[in-house]
Amino acid sequence: MTSYDRPTTDAHAHPDSSAGPSSAPPGQGAEGDVDGRQVTEAALFEAFGGVRGMVETVVPGLLFVTIFTINKDLHVSAIAALAVSLVLAAVRLVRKDTVKHAFSGVFGVAFGVVFAMMTGNAKDFYLPGMLYTLGLAVAYLVTTLAGVPLIGLMLGPVFKENLSWRTRNPGRKTAYAKASWAWGLILLAKCAILFPLYWWADTTQLGWILIALKIPPFLLAVYLTWIFLAKAPPPIDVFAEMEAKEKAEEEAEERRRTEREMLDGVADDLGRDLVQEITAEPPADRPPGGGRHRHRR
């Protein structure tokens, strides 16, 4: 555990306080709250891809079910879905945008295409995504029970707080736990609808219902996450802390170097003065032996 993850005195002294160790300074009012909400919104958009990320997630599946509804051709539907996901990723590459959401869509569609081609069952195009959703729901719940909510692990780097919320910001850890519970339960509810349909409904029905359930649960989970985090203490910017610590260490080292140079200069001056005194010739009017003569009787 790094020094930035160690508990602070304030956290121990006020365990029930909702304001964490990096709470807003005195005098911060509505403007600070608005800024915090805007930062949270921007971080959520960055983490989950925003509107464009949702479009890139929906379009391949929408194209697949549309084509399959019209001609019942698994191969044409699968190839069209994979092609459009590749085009969306290529557009991001050309524009030099973040490609993680587009490539996750490409891999998801590719797994669905391969699975459906292998089994010959068009419904299996949706099965990898459904299994991924189920696994993600379980991950949200299990990590929250373990004390390291998945939302915190995902958003910590985005907010530049890393894992400092685990030990230094208890109010924020609580918010991450609530958000992870929300995501896990919402995704489980979605799975509870889709998996029975996988067995009972035909490909077209399953596909349209899956498309209908693509965005609303996601938006609900993101909205709840925003609510929880907007009310939580602000994140601790551990990167800024590390930069400040490094700067302080550099300044301290510079002071020590300057002091050493000053001391070395003083020592050199004293040494030169001492050498000059030792090597200097006695005055001409001063007899040898310090001017003391022995009188003979």
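The table below gives the values:
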read-out	value
Cβ pairs under 7 Å, 6+ apart, first in the stretch 102-116 and surrounded by fewer than 23 Cβ atoms within 10 Å (Cβ to Cβ), second modelled with pLDDT of 90 or more and small (Gly, Ala, Ser)	GLY108/GLY129
Matching residues in the stretch 137-149 - criterion: being buried (at least 16 other Cβ atoms within 10 Å of the Cβ) and in a helix (DSSP H, G or I)	ALA137, ALA139, TYR140, LEU141, THR143, THR144
Among (1) buried (at least 20 other Cβ atoms within 10 Å of the Cβ); (2) modelled with pLDDT under 95, the one test that GLN205 misses	(1)
Contacts under 9 angstrom Cβ, first residue in the stretch 126-143 being closer than 19 Å to ALA201 by Cα, partner not in a helix (DSSP H, G or I), 6 or more apart	LEU127/ASN121
Among the residues listed as ILE236, ILE211, the single one being at pLDDT 85 or above, among the hydrophobic types (A, V, I, L, M, F, W, C), open to solvent by less than 100 Å² (accessible area, probe 1.4 Å) and in a helix (DSSP H, G or I)	ILE211
Leading residue by the ranking (farthest from the chain's Cα centre (by Cα)) among those in the stretch 119-133 that are open to solvent by 60 Å² or more (accessible area, probe 1.4 Å) and more than 17 Å from ASP73 (Cβ to Cβ)	LEU131
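The values are calculated or read from the model by the stated rules, or taken from the named source; none is laboratory data. Computed from a predicted structure; not experimentally measured. Because the Cβ atoms are built from the backbone with ideal geometry, glycine has one as well, and the counts that use them run over all protein chains shown. The protein model used for the area step is the full one, side chains on, heavy atoms only, and it has no ligands, DNA or RNA in it. Shrake-Rupley method; radii C 1.70, N 1.55, O 1.52, S 1.80 Å.
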